[in-house]
Amino acid sequence: MTTQPPDVVPESADLILNRDPLLAFELGNDDSLPASSIDQIDLKIRRQDDPFSKPYWQQFRLPCQGKETITALLRKLRNQPVTIDGETVDPVAFDHNCMEEVCGACAILINGKPRMACSALIEEFNGMITLEPLSKFPIIRDLIVDRSRMFAHLKRVKAWITLDGTWETQQPPLRMSPHDVAVNYLYSRCMYCGCCMAACPQYDENQEFVGPATLAQVRLLNHHPLGQYEKTERLHRIMTVGGLSDCGNAQNCVRVCPKEIPLTTAIGELGRAVTWQLFKDLFGD
Amino acid sequence: MNERRQVIVVGGGLAGQWASIRIAEAGHQVQLFSLFETLRSHSVCAQGGINAALNNKGEHDNVDQHFFDTITSGCYLANQPPVKALCDTAPELIYIFERMGVAFSRTPEGLIDQRRFGGMHHRRTCFAGASTGQQLLYSVDQQVRRLEAVQQIIKYEWWEFLAIVKDSDGRCCGIVAMNLRSLEVRAFRADAVVLASGGMGQLYAPKTTCSVNSTGAAASRVYQQGARIANAEFFQFHPTAMLGTDKTRLMSEAARGEGGRIWVPRQLNDRRDPTAIPESDRFYFLEEWFPRYGNNVPRDIASRAIWKVTRELELGINGDDRVYLDLTHLDPTFAELRLGGLLNIYRKFTGLDPLTTPMEIFPAAHYAMGGLWVDFDANDRGQLCPDSPRNHATNIPGLYACGECDYAYHGANRLGANSLLSTAFAGRLTGDAVAAYINGLEHSSDGLSPDAYDAEVRYQNRINHHFMHANGDCSPYRIHADLGELMTNNVGVVRDNGPLDSAIGQLYELEQSFARLKLGEVTPWANQSLAYARQVFDMVKLAQVVAFSARARDECRGAHYKPAFINQLSDDILTHHEAYELDQKHWQENNEQWLKTTIADYHPEGPRIRYDPIDTCLIKPEQPRDYR
């Protein structure tokens, strides 16, 4: 059933990178990027070339519209990374992916506050906007940080349900009350952006504290019909150094969470569960 | 148990993580590669839900009906045995997700609640609030983390897949990947490789609902190494995406379902505030053109109507690519209750309230039905053989593909809420197929000579070197913007052969423009420009496949709409039996010519297009789809 390709193949065949020998790149002329604007904004960005070098500040002036987001601005800046002093610099490195505030990638400090850059509208701010990498995490480059610690903490608290295997069981489906599911749903929306960790005075590279988001996952999994089988072990894992008692009750976490997850409620519930567990450990079930 | 072998999975979305779990469960070690932390994958963006004929709502739903809806929605273009298995397995998958901890919304009796979604007559869609994809992905992410804790799965996050490596027999025996921080290019050995690299909506950027990493670059790279791509011309455009300069964000179908009305001012250049325009000056074009369905016509029909109003009639708001999706007439309490999530997204990203100001929307590239060609194994009764190594195998031995990057389940158009299902199902099936494949392998890749690996690393390093020192005047951002605009205009909602020919020529020019590339960044650490420029190049190659495939198919089917070849149904279909018979005849004649799978093979001068037959052994193509 082979047919001919449509006979529209243009003649030019000097193709580059066609898994054939590479052709030398040649220079040519092209027009520059047009920039239409209704307004402009100043960005002051804290930069750092790599994990070991010193941070420094650069300032940029960009055309913008009020309804644009910080992520949109950073994307524009890649195109023409020219500072306010007219110096062309390397594009600012930053993380982003979904741009719908659900993947959790683009958390940074905006005017000092941990936020998702993709849902921060320019019109919310007056004057110059300051952007810094998310605090509390090691810097990779510019606005990119290494959040792998967060995922190590999820391992530490066993933030999973131990399935015997991902096969069919022929058992009737689980039943859960709509109310319980609605409460669990609040915690299941955590996208591990790290905003709560950045805001937490107890959380940083030099301390053991697992942080609010991790504790909320313990709360969530301990309330699942199968997850509760390992409730005791998870509680024990947050009853040591770096666990629940390291929370200083500053309540910053719940104020900065972009998903408005009731983190402090989870921590409160866990406090009661841990107390109860202590009694059980002392006196038996 | 068989000897423990190494398998590489590229992509940490729902498909990649499902495949990883199954391969690990079979006793092998998985190296899971991802461009970022796996839970940031695009699967999280699926809002609507996941279909499974649980029949929890007393509507006599069943898997056969789900199968029928999926096949007819795809205009019979999908091979039927895998689709049948997909629908049969859906309830089982839902219950496994439930055991993994997904907070599916509940009925008052505590069962999984189900709702209706576009193109279906049954309440079949399971959902977890307004973030089903996020919940499903996190559940497998947790299982992968559990297996990671016992070294059954090793994650390579912040690594970009660049190429597969083949042994002297042409078998895939590993990959070459680049560390996105150190830019180290390194070869990894494996006995099989699974590509689960997602969709390619970025070909249409910024008019796409896809994440910035849904570039299709990985699929393009294996295509350029000989893997076939099938049905690339079939791309679903979602009619109602809110506008943005960076991306367009999905406004769910629910907005129309709950009474939202789409309109434009009747007069060109009517610059009044929309709320000041009286009813008589508003053109509710969907209601006028499709009186039976009104604003609730399916996605593709709505997209085409909006295209026609803005591009042909030039009645877009202020002459632009936008129309109103109006909710201001709805009762605010009702709208808040039924559409709260959607209203908040719009408020958050525009700062405007849809209950007082009509939303501005336009169609956006949403989902690629086509993708890497994959095999399947079925018996003579059309039942899929679930443990066969042929399932989800590409034409390169040892290379598998699953998820949005494959072509297998959606035919010419995807049924709403079938994407999460197909990606999870495909990932699981692929994991089993890979386990079967490596159990049958005589030699592991450990003993292979390093030559092929070293050669590929050298080649990839040469490309990096060229890109890093490219000092022309063409920025990769500019090339990507040109690509998105070209694809949107010429290979988008409506296609014609003239503009397609022109697009093919312009795509060659875009490829040529890489000779004048300017990277603008020479930093050897976390250089995002390098990775991006390489992706854009591979996107241009993939866009050529889409354009060639679209050019070659002279018909209208599902999402591929070429009005010059429309098989127009008679308007009086319901009253005139003869007209009905004639329509049937035309439709079947057209099927005889075009009901076949498009296959694109790589060639340096452009894709070569040919066709494969389709397995329609379970439901014979007899009835055309008709939404009037």
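Note on A:47-54: average number of Cβ atoms from other chains within 10 Å of each residue's Cβ is 2. Kindly express, to the nearest 10 degrees and within the range 0 to 90, the angle between helix B:332-350's C-alpha long axis and the longest C-alpha principal axis of chain B. Taking Cα atoms only, the helix is inclined about 50 degrees.
The trypsin sites (Lys or Arg not before Pro) of the stretch B:211-294 that meet both conditions, a loop assignment by DSSP and at most 16 other Cβ atoms within 10 Å of the site Cβ, are B:R266, B:R271, B:R272, B:R292.
Pairs with C-alpha atoms separated by more than 25 Å, drawn from the list B:K57/B:K348; B:K562/B:K585; A:K67/B:K562, are B:K57/B:K348; A:K67/B:K562. Membrane-span-like helices of chain A, defined as complete DSSP H segments with a Cα extent of 18 Å or more along the helix axis and a mean Kyte hydropathy of at least -1.0, are identified as A:263-283.
Relative contact order, percent, of chain A when contacts are C-alpha pairs under 8 Å separated by at least 6 residues?
Working: 411 pairs, mean separation 40.5, N = 285.
For chain A, the relative contact order is 14 percent.
Here's the picture: charge each Lys and Arg Cβ at +1 and each Asp and Glu Cβ at -1 in the stretch B:238-365, and of B:Y324, B:P239, B:L337 the one pushed furthest to the positive end of that dipole is B:P239. Count Lys and Arg as plus one, Asp and Glu as minus one, and take only other residues whose Cβ is under 12 Å from that of A:Q202; the net charge is then -2. Projecting each Cα onto the charge dipole of the stretch B:477-617 (Lys/Arg +1, Asp/Glu -1 at the beta carbon, about the Cα centre), which of B:W594, B:A543, B:T523 comes out farthest on the positive side? Checked the options; the winner is B:T523.
Using the crude model of +1 on Lys and Arg Cβ and -1 on Asp and Glu Cβ, and no other charge, please compute the dipole size for the protein assembly as shown relative to its Cα centre, in debye to 20. Please list the in-between numbers first.
On the way: 92 positive and 112 negative charges, 422 e Å.
So the dipole magnitude of the protein assembly as shown works out to roughly 2020 debye.
Annotation: peptides B:548-560, A:63-75, ranked by per-residue average of other Cβ atoms within 10 Å with the highest first, follow the order B:548-560, A:63-75.
I want the antiparallel fraction of DSSP beta bridges within chain B, as a percent rounded to 5. That works out to approximately 70 percent antiparallel.
Under 12 Å from the Cβ of B:Q588, count the other residues' Cβ atoms, weight Lys and Arg +1, Asp and Glu -1, and hand me the total.
Details: positive: B:K585, B:K620; negative: B:E581, B:D583, B:E589, B:E592, B:E622.
Neighbour charge sum, excluding B:Q588 itself: -3.
Within the protein assembly as shown, DSSP assigns beta bridges of which about 75% are antiparallel (rounded to the nearest 5). Would any residue of the stretch B:34-52 have its amide N under 15 Å from a label point 7 Å out along Cα→Cβ of B:R186? List them or say none. From the stretch B:34-52, the list is B:34-35. With contacts taken as Cα pairs under 8 Å and at least 6 residues apart, chain B reaches a relative contact order of 20 percent. Taken as Cα centroids, the stretch B:18-47 and the stretch A:88-131 sit 27 Å apart, rounded to the nearest whole angstrom. I'd like the distance separating the alpha-carbon centroids of the stretch B:283-311 and the stretch B:169-194, in whole Å. Here the answer is 47 Å between Cα centres.
Probe of 1.4 angstrom, ligands and nucleic acids ignored: what's the accessible area per residue over the stretch B:453-612, in square angstrom? Don't skip to the end; give the middle numbers.
Values: 6000 Å² over 160 residues.
Accessible surface, normalised per residue, equals 37 Å².
May I ask you to rank B:D473, A:D285 by accessible area, largest first, using a 1.4 Å probe over the protein chains only?
Numbers: B:D473 50, A:D285 170 Å².
In descending accessible area the options line up as A:D285, B:D473.
Multiply the residue separation of B:E258 and B:I154 by 0.36 nm, subtract the distance between their alpha-carbon atoms, and state the gained length in nm to one decimal.
Gain in length upon complete extension: 32.9 nm.
Between helix B:528-552 and chain B there is an angle of about 60 degrees, using the helix long axis and the longest principal axis of the Cα atoms.
Within the stretch A:39-145, the percentage of alpha carbon pairs spaced more than 19 angstrom apart rounds to 38%.
Within the assembled protein chains, the solvent-accessible surface assigned to A:Y56 is about 70 Å², based on a 1.4 Å probe.
Only helical runs count toward this figure. For the protein assembly as shown, summing -39,500 (n - 2.57) over DSSP H runs of n ≥ 4 and dividing by all residues gives -10500 deg cm²/dmol at 222 nm. Roughly how tilted is helix B:451-468, in degrees to the nearest 10 and between 0 and 90, from the longest Cα axis of chain B? Between helix and principal axis, roughly 50 degrees.
Label zone (A:D285, point 7 Å along Cα-to-C-beta; backbone nitrogen cut-off 16 Å) within the stretch A:197-239: A:226-236. Averaged over peptide A:148-161, the number of partner chain Cβ atoms lying within 10 Å of each residue's Cβ comes to 4.
What does the charge count near B:R22 come to, summing +1 for each Lys or Arg and -1 for each Asp or Glu among other residues with Cβ under 12 Å from its Cβ? Don't skip to the answer; put the middle values down first.
On the way: positive: B:R428; negative: B:E25, B:D387, B:D432.
Surrounding charge for B:R22 is -2.
The values are calculated or read from the model by the stated rules, or taken from the named source; none is laboratory data. Note that this is a predicted model, so its numbers are computed, not measured. Glycine also receives a Cβ, built like all others from the backbone with ideal geometry; neighbour counts cover every protein chain displayed. The area values use the complete protein model at the heavy-atom level, side chains included, leaving out ligands, DNA and RNA. Shrake-Rupley method; radii C 1.70, N 1.55, O 1.52, S 1.80 Å.
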